[in-house]
Amino acid sequence: MSSLPDAKPVNSLSEEPIGTSQRNAPPPDASVWQRDLANAVQTIPELLAAVDLAAEDVPEVSETARQSFRLLVPQSFLKRMQSGNPHDPLLLQVLPRGAELDVAPGFVADPVGDSDARQAPGLLQKYHGRALLIASGSCAVHCRYCFRREYPYSEAPRRLTDWEPALRELRQREDITEVILSGGDPLMLPDDRLAWLMDRLDAISHVERLRLHTRLPVVLPTRVSDQLVELLLKLRAQVVFVIHANHANEIRGDARAALRRLVTSGLPVLNQAVLLKGINDSVDDQEALNRALINTGVIPYYLHQLDRVTGTGHFEVPVPRARQIIEELRTRLPGYAVPRLVQEIPGRDSKTPLEIRDAAR
Ligand SMILES: *Cc1c(COP(=O)(O)O)cnc(C)c1O
Ligand code: SF4
């Protein structure tokens, strides 16, 4: 493997910073998922045509919003949208809307204090025992509410040698027992680059767990290939998947099959969701989502209160309503099917639970 670093040209398909890349032809040796990625929809007319909607059906659609954060939707995710429904919960997660241009007080570029948490290029630490590595700056889907839509991804490591400072830091820091590969999406790395990185992390003996924060099994299910599962199962460290799905309709068809594959291969798979107005902010939506997850073998982990990033104010659900949803959900589902409602507050030692837990209430 030692001849690998930088021997290959940086793959422009998967290494472009979020929000900037244009459509690229896949390389001749591209794998299935890379071809699927190259076929992702990137324009508003294509997106609307795919779900059988005319521009008049969706008056809030905005080309200006698209220009500030590029539209990107893989075909697989598109297929799980309901044709002819301008309020489809999957469509609304990816559709650029004029409301993104509204200025909302309290909504800022870096609401979660990522810039202050930098330990080395591409390495963030906020919490005891675990550090987060920005393994890739890109994603297969662009979620309009993304808390990282304003993050300066061009600073993220691009070539394998650029990870050396982060790896050096991790080798010295024996207190770090878990490395979270995040981004962007770490599974946007091609298998050879991913294997290179994971092997080096795996070689650090105090790193007990390698966690993948990824939306790819949900939005680009072909990424869950035999080769991927094989490379993860070879590692010494325990691998943990934390996926990201917000609505039951996402856990269907090829995405459900990809998740089953991870689960049946023995890897723990958890889900985090973001509470989003008009998308999953009802008890029924949350019940359906979390049932779909547990019925697939995926354990609900966090339900995040929206991070207040510029351009996302229209997605925010007030905290009292969020609490009400989760409390009612608890009366409908087994305890293990109810995610923890949390918010990320800069400077805290963990995510902050928002649930009402006082027994005297
Ligand atoms: C959210 C987050 C984590 C993970 O927190 P857990 O509670 O362990 O899931 C780790 N590091 C950073 C920087 C984070 O933002
Ligand atoms: S997949 Fe995650 S990081 Fe990527 S755009 Fe969506 S929310 Fe943001």
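Bear in mind that the values in this text are calculations on the coordinates, not laboratory data. Note that the structure is a prediction, hence the values are computed from the model and not measured. Every residue, glycine among them, receives a Cβ derived from its backbone with ideal geometry; neighbour counts consider all protein chains shown.
Classify the range 116-243 from the C-alpha gyration tensor, please: rounded if a/c falls under 1.5, else prolate or oblate depending on whether a/b exceeds b/c. It is oblate, given that a/c is not under 1.5 and a/b is not larger than b/c. Of THR331, THR222, THR64, the residue with the greatest mean-square motion in the GNM of the chain, using alpha carbon springs below 10 Å, is THR331.
By per-residue mean of other Cβ atoms within 10 Å, what is the highest-first order of 171-177, 278-284, 247-253, 208-214? Intermediate results must be reported in sequence, preceding the final value.
Numbers: 171-177: 14.7, 278-284: 16.7, 247-253: 19.3, 208-214: 21.0.
Ranking, from highest mean packing down: 208-214, 247-253, 278-284, 171-177.
For the chain, set up a Gaussian network in which alpha carbons nearer than 10 Å are linked by springs, and say which option among ILE134, ILE243, ILE204 fluctuates the most. Of the options given, ILE204 has the highest mean-square fluctuation.
Helical runs (DSSP H, four residues minimum) scored at -39500 (n - 2.57) apiece and divided by the length of the chain put the mean residue ellipticity at 222 nm at -7500 deg cm²/dmol.
When you count, for each residue, the other Cβ atoms within 10 Å and take the mean per peptide, how do 260-268, 343-351 rank with the highest first? Could you put the intermediate results ahead of the total?
Working: 260-268: 15.6, 343-351: 13.9.
Result, highest mean first: 260-268, 343-351.
Counting only DSSP beta bridges with both residues in the chain, what percent are antiparallel, rounded to the nearest 5? Around 25 percent antiparallel, to the nearest 5.
Site pair GLU174 and SER83 shows an inter-label distance of 6.3 nm when each label is modelled 7 Å from Cα along Cα→Cβ.
Result for the chain in a Gaussian network model with C-alpha springs under 10 Å: among GLN125, GLN67, GLN272, the largest mean-square fluctuation is at GLN67. The Cα atoms of the chain give a gyration tensor whose axes a ≥ b ≥ c have a/c under 1.5, which makes the shape rounded. Taking the number of Cβ atoms within 10 Å of each Cβ as an exposure proxy, the fewest-first ranking of TYR127, TYR145, TYR336 is TYR336, TYR127, TYR145.
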